[in-house]
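To keep things clear, I will list the structure first and then write my remarks on it.
The values are calculated or read from the model by the stated rules, or taken from the named source; none is laboratory data. Keep in mind the model is a prediction, meaning the values are calculated, not measured. Cβ placement follows ideal geometry from the backbone for every residue including glycine, while neighbour counts extend to all protein chains displayed.
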Amino acid sequence: MSMETIDLLKERFADAVEETHNFRSDHTARVKREAWLPVATFLRNEAGFDMWIDLTAADYQGREEGLPRFEVICHLRRMKDGARIRIKARLPESDPSIDTLKTLWKGADWMERECHEMYGIDFKGHGDQRPLLLYAEFVGFPLRKDYPIGRRQPRIPLLGSEERRFSRPEDETPHGHLPEDKNNG
Amino acid sequence: MNGTSLVNNQENVLETDLLEITLGPSHPAMHGITQMLIKLDGEKIVSCDVEPGYLHRGFEKECEDHRWNQIFPYTDRLNYVSPIINNVAYAMAVEKLCGLEVPARCQHLRVILSEMTRITDHLTCLAAVMMELGAFSAFLYFVKARELYYDLLENVTGARLTYSWLRIGGARWDIPDGFVEQSKKAIPETRRILKETDGLFTKNRIFLDRVVGVGAISQSDAISYGMTGPILRSTGVAYDVRKANPYAAYDQFEFEIPVGRNGDCFDRYMVRMAEIEQSLRILEQALVKIPGGPLSVKDPRFTLPDKQAVYTTIEGTINHFKLIFDDIHPPKGEVYAAAEGGNGELGFYLVSDGGNKPVKCRCRPPCFAPMSAVGKIIEGHMLADIVPIYGSVNMIGGEMDR
């Protein structure tokens, strides 16, 4: 079922589909990130993949030569016949950004927020990329491979304490910029 | 006195500002550790911003730092009211990656224990909702039924909550003597308790006033949000992973998918009650004849050898040592496998580079999608409606925040 969709994708987006496989019968297509939104729109509106399943990312730092570092992975399902498909796109380290799918599936909203805080991927047009599972003061992107697993972050001052009262948001380190790693271990 | 002064005089006009309140993270009416930032107009909710994450323990990061078999205890702590299903989902994903075919006996036992934990999951959800709605005795009834299964699961796995029962390619323990008889006794007992609670609630005016028509969600919204499980089924979509993509031995049993119509809190309650009955049906069928044969795959690359062989042969010792210290090496590739959890589709997306640790281990938590919609569902309702709505979503902190 999904095989036909993969063939259809290859036909419609001949320039954009970079790689396809069906390892263990999971039908997968990797597309150029410029084609992310058109491909998703096609899958949603024409191929009928109406059910949102999952969106996540992966960091392949230093693992695959010649391929960009990050990958965004999206799983979809078709309600009608239960067909499933996986689409992926690679994002370079210098500019890890991709179009949001929030406009197509409502479920994309929070999953993209989670992806943003964990991997630092910018979802263009999302508009609300506040941290979801982490807290505003958290610095760095914990699921990137270069974030050490043992790193500790400083405690946040208690609400109402002197430090908290006089700190203004603009004084704080912007999200994503690592301070010196004092407590690494 | 001027008659229009009350309107024109700014000082005398009653202010109607929106009231901002913060509910949670630790609040007796909150079904878990989550914060809600609510704007109220009187008692009506104008907007609601849900902030989860208070239980985030870095599940994915820990998985990437652990070997394939070491991840089982972490999966127990995702949805801690139905840990066996998490074990099954993760084991299935790794087995799919490795191309392993698990023996029939293990598949069968996976179904039995999954259904038991599904019953405990639904019972816990219903118990908590009832308690939050003020019916504390109902909580005790449900928990009494849950206890039957906790005892049974403890007999098999040795633990009451964090079972870690499965291994890649099989399971750690076989069922003890007398398990089948004991389980058969638990089924009518559960039915009796369900009948009691059904009599207490299903036509209870006080309960119905709180849940009927409250927190309804449309079918197309539910699909677009990626909702699964009882919440999707309460809107009338008969989607159940056990039927749609049968895994383990689910294709051998007869059961129905209960669906609702309106997608409101009452339908969610009814779907969960009906699903417990269906799980009991599966249990009844499954307990009749458990296939014999080995419990685990007999493949030295994936499963530990018999203790006898470990202590008496050099091959056995080396095999044991290799698996404990080096663990399995699945082939390079990526897979997604899903099981039907208590709350819906529980999926694992794994990436392997051929090493003994996953490159990526993503858990698709079933309560994540409904949670992302809760803020929208709540809008327009009264403050007190948060309790049944949020309760019927059945947010499980361990699974939501990972």
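Quick notes on this structure:
- Residues of the stretch B:358-402 satisfying the condition of being over 20 Å from B:Asp221 (Cα atoms), part of a loop (DSSP other than H, G, I, E, B), modelled with pLDDT of 90 or more and not hydrophobic (A, V, I, L, M, F, W, C): B:Pro358
- Every test in (1) within 14 Å of chain A (Cβ to nearest Cβ); (2) part of a helix (DSSP H, G or I); (3) more than 28 Å from the chain's Cα centre (by Cα) is passed by B:Tyr311 save one, and that test is (1).
Each row is one residue, and each column tells you yes or no for (1) within 11 Å of chain B (Cβ to nearest Cβ); (2) among the basic types (Lys, Arg); (3) crowded, with 20+ Cβ neighbours inside 10 Å.
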residue: A:Leu55; (1), (2), (3): yes, no, yes
residue: A:Gly66; (1), (2), (3): no, no, no
residue: A:His75; (1), (2), (3): yes, no, yes
residue: A:Arg84; (1), (2), (3): yes, yes, yes
residue: A:Ser94; (1), (2), (3): no, no, no
residue: A:Gly125; (1), (2), (3): no, no, no
residue: A:Gln129; (1), (2), (3): no, no, no
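- Some residue of the stretch B:113-121 being touching a residue at least 40 places away in the same chain (Cβ under 8 Å) and touching a strand residue (DSSP E or B) at 6+ places or on another chain (Cβ under 7 Å): no
- Some residue of the stretch B:101-114 being among the hydrophobic types (A, V, I, L, M, F, W, C), surrounded by fewer than 18 Cβ atoms within 10 Å (Cβ to Cβ) and more than 14 Å from every other protein chain (Cβ to nearest Cβ): yes
- The set of residues in the stretch B:237-253 that are away from chain A (no Cβ under 12 Å) and assigned to a loop (DSSP other than H, G, I, E, B) comprises B:Tyr247, B:Ala248, B:Ala249, B:Phe253.
- Subset of the stretch A:72-93 [among the charged types (D, E, K, R) and free of Cβ contacts under 8 Å to residues at least 40 places away in the same chain]: A:Arg77, A:Lys80, A:Glu93
- Residues that are in a helix (DSSP H, G or I) and of a type in the set (Ser, Thr, Tyr) within the stretch B:56-87 comprise B:Tyr74, B:Thr75, listed in sequence order.
- If you go through the stretch B:210-243 and keep only what is farther than 23 Å from B:Glu284 by Cβ and of a type in the set (A, V, I, L, M, F, W, C), you end up with B:Val211, B:Val212, B:Val214, B:Ala216, B:Ile217, B:Ala222, B:Ile223, B:Met227, B:Ile231, B:Leu232, B:Val237.
- Answer residue from the stretch A:61-92, given it is under 13 Å from the mean Cα position of the chain (by Cα) and assigned to a loop (DSSP other than H, G, I, E, B) and is farthest from B:Glu60 (Cα to Cα) among those: A:Pro92
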